[in-house]
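Read through the structure below, which is laid out as structure tokens, and then see the notes.
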Amino acid sequence: MLINKAKHRRPSKAVRVATLAGVAGAAVAVPLMGATNASAASVSTWDAVAQCESGGNWSINTGNGYYGGLQFSASSWAAAGGTQFAPRADLATKAQQIQAAEKLLAIQGPGAWSCAGAGNLTAGGPSPDLNTSATKAAPKQQAPQPKAAPRQQAPKQQAPQQQSRPATPQHHVMGHGNYTVKSGDTLAKIAKAHGKNWKSVYADNKSVIGSNPNLIFPGQKLHV
């Protein structure tokens, strides 16, 4: 909030003239509207004053009783003829506010603004070229940007699971010997029945029995 603005706060000439309007009627209309080149300032000068007064915000309304870029009070705005443009200064365009300020400058001089020194405001500058016919433009509202649809990730492809193959049954070598192994036989039992050592029987039938002499199967034919 800009609180260091002393302008338009003391009973100024503009306020007193506006007060007399109720008594004198149209008699005060001429000095209010009579800003001349002898009491004028350039647009850049008013920009500098507004920068000091309101941070350069021509639409400011902080609720402290002062409005617009040049911080007009309601009474000074009316005294300067600003109400022909808008009820308050913040509702008028920049050009309209400057034109009212030109008239207030002609009435009160640079002392109407506490920031006159910051903007080098004097009463002897050229009259600014202003276009006050345009109404205050409403702030542009940007069309809402459509939100991009969320990117859908492709489903992860799972590696095909290898189907386990059923174990193929082992085919035991049956052999072509003269003794057929029966259920319950062991290599030692067979060797003993034929008066042999099991190691010699295993050595003779290793191609049929395989690498484990303790594992023989019914139906195998061994040489004994």
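The values are calculated or read from the model by the stated rules, or taken from the named source; none is laboratory data. Here the structure is a predicted model, which means the values were calculated and not measured. Quick reminder, even Gly has a Cβ in these numbers, built from the backbone with ideal geometry, and neighbours come from all protein chains shown. The area values use the complete protein model at the heavy-atom level, side chains included, leaving out ligands, DNA and RNA. Shrake-Rupley method; radii C 1.70, N 1.55, O 1.52, S 1.80 Å.
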Select from the range 179-210 the residues that are farther than 13 Å from His223 by Cα and either in contact with a Pro (Cβ under 7 Å, 6 or more places away or on another chain) or among the acidic types (Asp, Glu) (or both) and write down the one among them that is least open to solvent (accessible area, probe 1.4 Å).
Asp185
Give just the number: which of (1) open to solvent by less than 60 Å² (accessible area, probe 1.4 Å); (2) modelled with pLDDT of 65 or more; (3) hydrophobic (A, V, I, L, M, F, W, C) does Ala134 not satisfy?
(2)
In the range 1-115, which helices (runs of 4 or more DSSP H) lie fully inside it and hold 2 or more residues that are at pLDDT 60 or above and closer than 20 Å to Leu130 by Cβ?
43-54, 74-79, 94-108
Going through His176, His172 one at a time, which residue ends up being surrounded by 12 or more Cβ atoms within 10 Å (Cβ to Cβ), at pLDDT below 85 and part of a loop (DSSP other than H, G, I, E, B)?
His172
Condition met for Thr122 (of a type in the set (Val, Ile, Thr), modelled with pLDDT under 70, open to solvent by 60 Å² or more (accessible area, probe 1.4 Å) and not in a helix (DSSP H, G or I)):
no
